[in-house]
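Data block below; observations after.
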Amino acid sequence: MVAGPVGIGFPTSASGVTTIDGCDLLVGFSKFINDYWASETTSAGSVNFNTLVDTKLARFGDDQILDFYVRITEDASNLEYQVRRITQFVSATGTIFVDPPFTETVDTEIDYQIHRYDPAEKFECLDEARLREDVFEHAFRLIYDDTTTSDGLTDSYDVNPDIRSGPMYIFVEDPQSINSEWNVLANPTGDTTTSWAVAGSTATVVNESNADRLIPKYDTSCMKLSSAAAVTGTFSQVVGSMSISAAQAAGRRMTFGAWVYTKDVSGVKIQFSDDDGDTASSLHGGTGWELLTVEKSISQTNTTTLTAAIIVAGGLSGVTAYFNRAWVYFGEANLIEDVYPWRDAHLLRRDATTQRVQLAWVPTAGRQIRMVGRQYLSALGSVLSTQCTNTMELDEGSAQVLYGAAAESLFEKEGLTTEEFPQIAQRIQIIDRKKAATRSWGYVIPQRPTVRSPYQ
């Protein structure tokens, strides 16, 4: 299961995700409410660690920034992310006094920000705003859940709890052929050990059975791979068995992909190797059938090695996996990943009690079912070292929705109203009008992944 783009519309791929990190969101939100000043120090502060000096601050009066907050933003500095309250300000010299002191002297040319409202509170309001229903309607993560395999018998399926709203649409896999001329593997079905080498594991053929409707996935038989505890097994094919040479691959972008079934969450992956070394896929999530893919830019001087391998690491108690269909080819992974035709999207309904969806038909056995739904934006969190680098799945337009809601939360916490800030109130009203207008747009399925918002 993966998270996709934010916004209105349901792309059929999880690619094209646009994100904004916490530091940029803090700046954007601060500017939205007219509470932002950024500069750098012009000389070193005191040895008592309690001052910051910037002559450009002379534009402010002595009492104009009292009780405001100064936040150090200097990259790789020991002071980075430290926030202190301003207790005294001398305009003539541009000297800020803080309490408590910083942990060391604030040197010259140190980047900093000044905020009227505590930056920690701003981060908190941003995280709270993403959970508001009026925000969730317009700014959200698309969740692509491909973890369900049809058994060919039922038309009702569980919905992953990570899909909070929906799923709105369902796609059924249209399998990619393994016999295409661009697939350079020999015996890509995986129903015999011919052209494949087994090491450290046991490989046995599993035949189709009425008792197990999920294994094999497509064909009448597939390969079962078992590794004992603390043993790492491989099921691999070397270039000598492929329809190309190692030298022909030199300097080319290539993909290895394979359908693998396991319930283990830490021991199964695939690996692509050339003369320069190994490149591995992400670990199998242990959800059943998953399409594992790995892309590799083959060495410019490659002459000897080109190996595709399924890795089965036994761990503490041993691992069992099943393999059915694989590809090695020139090009990128989307050729075998984009197998959920957008034209065949189907509406469905979710039972709020059982948390299952009911389809109008029974998909063919072995086909993956992709459910597309929505989830809240990712949280920035409260940890200083990570809330700046954490991201939300937003574009610049959708971020305005978040800022408007966060502003309302902040003013509520401070006991203020937007009427006290006419310009900000006007911005929030504009956002609310645009949100209301987009409710009538409905959801569409673009042919290509997109990031959309009412403000583009």
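The values are calculated or read from the model by the stated rules, or taken from the named source; none is laboratory data. If you're wondering where the values come from, they're calculated on a predicted model, not measured in any experiment. Note that we place each Cβ from the backbone using ideal geometry, even for glycine, and neighbour counts take in every protein chain shown.
Points worth noting:
- Taking the criterion of being part of a loop (DSSP other than H, G, I, E, B), under 22 Å from G397 (Cα atoms) and aromatic (F, W, Y), the only residue of the range 117-157 that qualifies is F140.
- Residue in the range 318-327 that is out of contact with any Asp or Glu (no Cβ under 8 Å at 6 or more places or on another chain), under 27 Å from T192 (Cβ atoms), part of a loop (DSSP other than H, G, I, E, B) and in contact (Cβ under 8 Å) with a residue 24 or more places away in the chain present: yes
- Restricting attention to the range 26-73, the residues that are within 35 Å of the chain's Cα centre (by Cα) and either of a type in the set (A, V, I, L, M, F, W, C) or within 14 Å of P100 (Cα to Cα) (or both) add up to 11.
- Residues in the range 289-305 that are over 21 Å from the mean Cα position of the chain (by Cα) and surrounded by fewer than 20 Cβ atoms within 10 Å (Cβ to Cβ): S297, S299, Q300, T301, T303, T304, T305.
- D162 being in a loop (DSSP other than H, G, I, E, B), touching a residue at least 40 places away in the same chain (Cβ under 8 Å), out of contact with any strand residue (DSSP E or B) (no Cβ under 8 Å at 6 or more places or on another chain) and charged (D, E, K, R): no
- First in the range 273-290 and aromatic (F, W, Y), second anywhere and assigned to a loop (DSSP other than H, G, I, E, B), Cβ under 7 Å, 6 or more apart: W289/K217
- Test: residue in the range 75-83 that is free of Cβ contacts under 8 Å to residues at least 40 places away in the same chain, acidic (D, E) and under 19 Å from V383 (Cβ atoms): yes
- If the condition is being part of a strand (DSSP E or B), surrounded by 21 or more Cβ atoms within 10 Å (Cβ to Cβ) and not acidic (D, E), then the range 270-288 contributes I270, F272.
- Y144 within 30 Å of R350 (Cα to Cα), more than 20 Å from the chain's Cα centre (by Cα), in contact (Cβ under 8 Å) with a residue 12 or more places away in the chain and crowded, with 18+ Cβ neighbours inside 10 Å: no
- Flag: I86 matches the condition of being within 26 Å of E414 (Cα to Cα) and at pLDDT 95 or above.
Let's see how each residue does on (1) charged (D, E, K, R); (2) on the phi < 0 side of the Ramachandran plot; (3) over 28 Å from the mean Cα position of the chain (by Cα):
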| site | (1), (2), (3) |
| --- | --- |
| V83 | no, yes, yes |
| T87 | no, yes, yes |
| V90 | no, yes, yes |
| G94 | no, no, yes |
| F136 | no, yes, no |
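- Among the residues making up the range 209-223, a single one is crowded, with 19+ Cβ neighbours inside 10 Å and among the charged types (D, E, K, R): K217.
- Answer residue from the range 147-176, given it is among the aromatic types (F, W, Y) and closer than 29 Å to T189 by Cα and is farthest from the chain's Cα centre (by Cα) among those: Y157
- Single condition S378 does not satisfy, out of (1) hydroxyl-bearing (S, T, Y); (2) in contact with a strand residue (DSSP E or B) (Cβ under 7 Å, 6 or more places away or on another chain); (3) part of a helix (DSSP H, G or I): (3)
- Among residues of the range 253-268, those that are surrounded by fewer than 17 Cβ atoms within 10 Å (Cβ to Cβ) and out of contact with any Gly (no Cβ under 6 Å at 6 or more places or on another chain), counted: 2
- Failed item in (1) buried (at least 18 other Cβ atoms within 10 Å of the Cβ); (2) at pLDDT 95 or above, with A44 passing the rest: (1)
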